[in-house]
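The values are calculated or read from the model by the stated rules, or taken from the named source; none is laboratory data. Given the structure is predicted, the values throughout are model-derived calculations rather than measurements. Cβ sites come from the backbone with ideal geometry, for glycine too, and all protein chains shown count toward neighbours. Note: areas computed on protein heavy atoms with side chains; ligands, DNA, RNA excluded. Shrake-Rupley method; radii C 1.70, N 1.55, O 1.52, S 1.80 Å.
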Amino acid sequence: MEKILERHERYAYAERQLVANDSETQGNWTIEYTRLKAKIDLLQRNHRHYMGEDLVSMSLKELQSLEQQLDTALKNIRTRKNDLMYESISELQKKEKKIQEQNNILAKKIKEKEQAVAQQAAQWEQPNYRVDTSCLPQQQPPPSLNIGGNSYHQEAPELGRNGLDLTLEPLYSCHLGCF
């Protein structure tokens, strides 16, 4: 029986502690809420002042303080902007150097190729150099004129009365012997 009573007292004591903590927590929450609400109101008022609204209610000292805060913020913004610009310029200069180096390497390669081509051209111009003409197309005889089934082929075409070469070349081959 004593054990049961001891256990009951322990649980009752723990319950009383929880209820006390809840009431303290409730008090803390209300204090925290009022503190955060005041902070939000202050931030909203400052934001309106920074945006140029509700300046009529401010005193001269508050206006001077606001002006000083704005000047300080503007200086910080300009400093940060300049830092970013200098970093960007520095990176671009590094890229420029890399590209210039690549350009120089490519220019050297081009000069080497030009020298190699010039050397080959000089070798071709030597009198001992022979051109292999076996792969070149052979000259074909001129086409023949086929009228009425008879084939007339002349080695040297005649010139007409006006001095023009009036040889006819077949546009289409016709198996009937007609043009």
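If you go through the range 1-60 one residue at a time, how many are of a type in the set (D, E, K, R) and at pLDDT below 85?
Number satisfying all stated conditions: 11.
What is the one condition in (1) within 29 Å of Gly52 (Cα to Cα); (2) open to solvent by less than 100 Å² (accessible area, probe 1.4 Å); (3) of a type outside the set (S, T, N, Q); (4) without any contact (Cβ under 8 Å) to a residue 12 or more places away in the chain that Leu66 does not satisfy?
Condition (4) is where Leu66 drops out.
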